[in-house]
Structures are given as C-alpha cells and as structure tokens.
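Notes follow once the structure below has been shown.
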Amino acid sequence: MSPILGEFMSRWTGPPTNAKRARAMTDLSLTILPETADDAAPIERLLDRTFGPGRYAKSAYRLREDLGHRLDLSFTARIGTLLVGSVRLSSIRIGETAALLLGPLTVEPPFRGRGIGHALITRALSEAKAGGHGLIVLVGDEPYYGKAGFRRIPKGRVTMPGPVDPARLLVCELADRAFENVAGAIRPDWQAT
C-alpha cells in the first residue's frame, strides 16, 4: 500500500475525532407512530413480503377485508425513516359485545427478535385501553402474544367466520372481567366504522 493510500485509510477508518457526532450518526432508534393514510401502500408491500398472497385465505383476513382497520388504533414502527413494522386494529363484535381484532402484526424479517413486534403491540393495547376499549382478540401463537397479556379463549365460546385452530384464538382484557359472560360469533362491527 502506498504511503498516501495508507494515510487516507487510517484517517477514514480510524477513530472519529468527534465521538459524540459519530454516535448521533449511528443512533437509529425505534419510533412507534400512528399509521397515516400515506402508510397504506408501504404497509401493503411489507405485508406482501412477510405473509405473501396466502394471507387472503385466512379467516382473520376475510373478516377484515370489507371492514378495514382503524387508523386511530393502528401503528407503524420505523428505524430512522425505514418502515420496519406495522400493527392494525379493527372493530368487531363478539356476539353483542364490542371488541377489537388485532392484526395483522408484521415486522421486516431482518428486524425480528428485537422487540419491535412487542413494542407495536404495547402501543396498540395502551391506546385502545386509553380509548375505553375493553377487549382485543387475535389469531396467533399464545407463547408470543401471552407476554402481552393474551390468553387462549376456551374452545367453543367464540367462533370465527371461517376455520381457525381454537388453540390460536386469543383474548386480552383491557378492563377487569371484560371477557366475563362474552360469547358468540366474531363479526365486523359496522356501527363502529
């Protein structure tokens, strides 16, 4: 290596002269923001990458397809300006009881395992509770969602409008005993939209 190239490389790769500035340049912290209408297309592309076209055949997707989701209770995760995750909530009824359906929850594969999904869930649950909602249901894995307070719904107590593994039908009570005496079919809540 020539002396000039060596000097250039040592300046380029050597320790920064201003460590505080270097930290600021690499500090790309996670930000959870309310979803906006402008997020729709990037979130759809993210869902395409993470779930693929087969997601439309799932019962939870079929339930949401005509209803849509609530922007006021749906959130994005960003690192810097990069969209890395999303969670959505939709208004439903279980029998005659108002509730919310969580999903889809998605995180870009390279960013999984870093708490982004749980940060999105935590924000969604917190905002739903602050808005006076008492129940959230979802179709998912209890070991993952149980960390956020979800538990399995007793088999037969609640039904989806399509096939669902009953072990994956979960509920989270945002208010004391909000799920007590609740039973029936899950359906869109057209009055809430």
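The values are calculated or read from the model by the stated rules, or taken from the named source; none is laboratory data. What you see is a predicted model; the values in this text were computed from it and never measured. Virtual Cβ from ideal backbone geometry, glycine too; neighbours counted across all protein chains shown.
Here are a few things to note about the model shown:
- The lone exception for Ala119 - which of (1) surrounded by 14 or more Cβ atoms within 10 Å (Cβ to Cβ); (2) within 20 Å of Leu63 (Cα to Cα); (3) of a type in the set (A, V, I, L, M, F, W, C) it fails: (2)
- Among the residues listed as Leu120, Leu83, Leu125, Leu105, the single one being in a strand (DSSP E or B), modelled with pLDDT of 95 or more, within 19 Å of Arg64 (Cβ to Cβ) and in contact with a Leu (Cβ under 9 Å, 6 or more places away or on another chain): Leu105
- Checking Val182, Val164, Val137 one by one, the residue that is over 25 Å from Thr76 (Cβ atoms), of a type in the set (Val, Ile, Thr) and modelled with pLDDT of 95 or more is Val182 and no other.
- Residues within segment 76-101 that are surrounded by 18 or more Cβ atoms within 10 Å (Cβ to Cβ), of a type outside the set (Lys, Arg) and closer than 14 Å to Leu47 by Cα, tallied: 6
- Test for Ser126: is it over 23 Å from Lys58 (Cα atoms) and under 14 Å from the mean Cα position of the chain (by Cα): yes
- Test set (1) within 17 Å of the chain's Cα centre (by Cα); (2) touching a residue at least 40 places away in the same chain (Cβ under 8 Å); (3) closer than 24 Å to Gly134 by Cβ - Leu83 fails condition number: (3)
- Output for segment 146-167, where each listed residue is among the hydrophobic types (A, V, I, L, M, F, W, C) and not in a loop (DSSP other than H, G, I, E, B): Ala148, Val158, Ala167
- Number of positions in segment 167-193 that are within 21 Å of the chain's Cα centre (by Cα), more than 18 Å from Arg70 (Cα to Cα) and among the acidic types (Asp, Glu): 1
- In segment 41-75, residue modelled with the lowest pLDDT [restricted to those that are surrounded by 12 or more Cβ atoms within 10 Å (Cβ to Cβ) and among the small types (Gly, Ala, Ser)]: Ser59
- Residue check for Gly132: surrounded by fewer than 16 Cβ atoms within 10 Å (Cβ to Cβ) and not aliphatic (A, V, I, L, M): yes
- Selection count where residues are exposed (fewer than 11 other Cβ atoms within 10 Å of the Cβ) and assigned to a helix (DSSP H, G or I), scope segment 168-188: 0
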